[in-house]
Amino acid sequence: MPRYFSDELLRRLRNDIPVAQVLEQLDWPHKQRDGRFVFLCPACREYLTATNPRTNLGRSFACERTFNPIDLVMLIEDVDFVTAVQTLQPHLPPTTSS
């Protein structure tokens, strides 16, 4: 198992797999509230959260933490960085060639 991942792969994992999709695939508690996608914070267990599709980050306003897809897999699945990356890789959308 590789323990080194290219910057490009890590960038794609953080940016190309929507946070909402990760939470849905992990079957983590989430819902629509007032037209916004919110989720149960895996760190503090509060629903005072939001996602920003533009930056592809989830934010907990209760514990003031920000999460990208890799962070979420690590916390929710209680796995290390390498395992989180390997978990997300199959969910990457195909790259488009120019």
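May I ask you to list the residues in segment 58-73 that are open to solvent by less than 60 Å² (accessible area, probe 1.4 Å) and either outside any loop (DSSP other than H, G, I, E, B) or of a type in the set (F, W, Y) (or both)? Don't jump to the end; show me each part of the working.
Within segment 58-73, the first condition is being open to solvent by less than 60 Å² (accessible area, probe 1.4 Å), and the residues that meet it are 58, 60, 62-63, 67-73.
Result: G58, S60, F67, P69, I70, D71, L72, V73.
Only one of (1) closer than 19 Å to A84 by Cα; (2) open to solvent by 70 Å² or more (accessible area, probe 1.4 Å); (3) touching a residue at least 24 places away in the same chain (Cβ under 8 Å) fails for E8. Which number is that?
If we test E8 against (1) closer than 19 Å to A84 by Cα; (2) open to solvent by 70 Å² or more (accessible area, probe 1.4 Å); (3) touching a residue at least 24 places away in the same chain (Cβ under 8 Å), just (3) comes out false.
Are there any pairs, at least 6 apart or on different chains, whose C-beta atoms fall under 6 Å, with the first in segment 30-42 and β-branched (V, I, T) and the second at pLDDT 95 or above and open to solvent by less than 80 Å² (accessible area, probe 1.4 Å), and if so, which?
Partner pairs satisfying both residue conditions: V38/T49.
Can you tell me which residue is nearest to R14 (Cα to Cα) among those in segment 74-98 that are of a type in the set (S, T, N, Q) and part of a helix (DSSP H, G or I)?
Q89
Looking only at segment 31-52, which residues are within 23 Å of F81 (Cα to Cα) and in a loop (DSSP other than H, G, I, E, B)?
Matches in segment 31-52: L40, C41, P42, A43, C44, R45.
Looking for something surrounded by 12 or more Cβ atoms within 10 Å (Cβ to Cβ), within 17 Å of I70 (Cα to Cα), in contact with a strand residue (DSSP E or B) (Cβ under 9 Å, 6 or more places away or on another chain) and charged (D, E, K, R) - is there at least one such residue anywhere in segment 15-23?
Taking every residue of segment 15-23 in turn, none turns out to be surrounded by 12 or more Cβ atoms within 10 Å (Cβ to Cβ), within 17 Å of I70 (Cα to Cα), in contact with a strand residue (DSSP E or B) (Cβ under 9 Å, 6 or more places away or on another chain) and charged (D, E, K, R).
Looking only at segment 43-81, filter to residues that are in contact (Cβ under 8 Å) with a residue 40 or more places away in the chain and touching a Phe, Trp or Tyr at 6+ places or on another chain (Cβ under 8 Å); which one of those is farthest from I17 (Cα to Cα)?
It comes out as I76.
When you go through D27, D34 one by one, which is the residue that is at pLDDT below 95, charged (D, E, K, R) and on the phi > 0 side of the Ramachandran plot? It would help to see each step written out before you state the result.
Numbers: D27 fails: at pLDDT below 95.
Matching residue, one of D27, D34: D34.
Do we have F81 as among the aromatic types (F, W, Y) and either closer than 22 Å to F5 by Cα or modelled with pLDDT under 95 (or both) here?
So F81 fits the description; yes.
Among the residues of segment 24-52, how many are open to solvent by 80 Å² or more (accessible area, probe 1.4 Å) and either of a type in the set (A, V, I, L, M) or within 11 Å of the chain's Cα centre (by Cα) (or both)?
In the first step, residues of segment 24-52 are kept if they are open to solvent by 80 Å² or more (accessible area, probe 1.4 Å); the result is 24-25, 27, 31-32, 34, 36, 45-46, 48.
Next, only the ones that are either of a type in the set (A, V, I, L, M) or within 11 Å of the chain's Cα centre (by Cα) (or both) stay: 24-25, 48.
Residues meeting the conditions: 3.
The values are calculated or read from the model by the stated rules, or taken from the named source; none is laboratory data. Bear in mind that the values here come from a model prediction, so they are computed numbers and not experimental data. Note that each Cβ is placed from the backbone with ideal geometry, even for glycine, and that neighbours are counted across all protein chains shown. Areas reflect the complete protein model, heavy atoms only, side chains present, ligands, DNA and RNA absent. Shrake-Rupley method; radii C 1.70, N 1.55, O 1.52, S 1.80 Å.
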